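Taking it in order: structure first as structure tokens, then the write-up.
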Amino acid sequence: MGIVFPKRCVLCGEMMPAAGVGKAMLCPTCAAEVRQQYRCTEPIRIPGAADAAAALYYTGKVRNAMQRFKFQHKQHYADWFAAQMLPLLADRLDAWQPDLITYMPIGFLRLHERGYNQAELLGKAVAEPFGLPCIATLRKRAFTPKQSAQKDATARQKNAERALQPLENAEVRGKSVVLVDDIITTGATAAAAVKLLREIGAAKVYVLAAAHTPGK
């Protein structure tokens, strides 16, 4: 007989009721809160991107859940965050006409410590239902200063541009590319990634994120 482990709500961490849960990943209270206060409704503009969208506001319980996803080995949270992103891509399929999904890279040391790239998990989960390939196209330079340590928007943009490099085998020429990221804050890193993808031949680049910092 297999052991049945209790499920916890992705957002609040509370135990889910045993009856009627099925594949649900949120408790009823958090599900209502997502509908009422966490859906991202503001337009997102990333320089160089043909369009951009984010599913949720990076605040409150969503912020806490994202932190657990990234830093506490909660890889299965990718399923829930990707499920919030899928309707956005579905609504934009005709307009975006994507040929492939790619994702924001993380540094080698961070990848070694964590064991996974959260943006890659999201990218693969978003790509699969649409039958799209999900490929790596960018890498992060070693020993790049943190974005949070930069003093202003200009410094963040310059640091982001220095931080990324295209992979030698990245084939995006003439293609419509969707760049997946976990969080858009100032948009500097996403803009740098978009610029690189355009420089190596992408016809159009769209940005799709799980979360966006309100008001940024």
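The values are calculated or read from the model by the stated rules, or taken from the named source; none is laboratory data. The structure displayed is predicted, hence computed values, not measured ones. Positions of Cβ are backbone-derived with ideal geometry, glycine not excepted, and every protein chain shown enters the neighbour counts.
Given the structure, is G60 under 30 Å from R198 (Cβ atoms) and of a type outside the set (A, V, I, L, M)? Talk me through it step by step, then tell me what you get.
Working: under 30 Å from R198 (Cβ atoms): no; of a type outside the set (A, V, I, L, M): yes.
Spelling it out, it is not the case that G60 is under 30 Å from R198 (Cβ atoms) and of a type outside the set (A, V, I, L, M).
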Only residues that are touching a strand residue (DSSP E or B) at 6+ places or on another chain (Cβ under 9 Å), among the hydroxyl-bearing types (S, T, Y) and not in a strand (DSSP E or B): list them for region 165-203, please. T185, T189
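Rundown of residues vs (1) surrounded by 16 or more Cβ atoms within 10 Å (Cβ to Cβ); (2) part of a helix (DSSP H, G or I); (3) in contact with a Pro (Cβ under 8 Å, 6 or more places away or on another chain); (4) at pLDDT below 95, yes/no style:
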| residue | (1), (2), (3), (4) |
| --- | --- |
| A49 | yes, no, no, no |
| D79 | no, yes, no, no |
| P87 | no, yes, no, no |
| D94 | no, yes, no, no |
| I101 | yes, no, yes, no |
| L121 | yes, yes, no, no |
Taking Y38 and the conditions (1) under 20 Å from A188 (Cα atoms); (2) in contact with a Ser or Thr (Cβ under 8 Å, 6 or more places away or on another chain); (3) crowded, with 20+ Cβ neighbours inside 10 Å, which numbered condition does it fall short on, given that it satisfies the others? (1)
Working carefully through the options V178, V207, find the one that is at pLDDT 95 or above, closer than 30 Å to L11 by Cα, in contact with a Pro (Cβ under 6 Å, 6 or more places away or on another chain) and buried (at least 17 other Cβ atoms within 10 Å of the Cβ). V178
Just a yes or no: is a residue in region 124-147 under 21 Å from G48 (Cα atoms) and modelled with pLDDT under 85? yes
Restricting region 127-136 to residues that are within 15 Å of the chain's Cα centre (by Cα) and part of a loop (DSSP other than H, G, I, E, B), which is surrounded by the fewest Cβ atoms within 10 Å (Cβ to Cβ)? A136
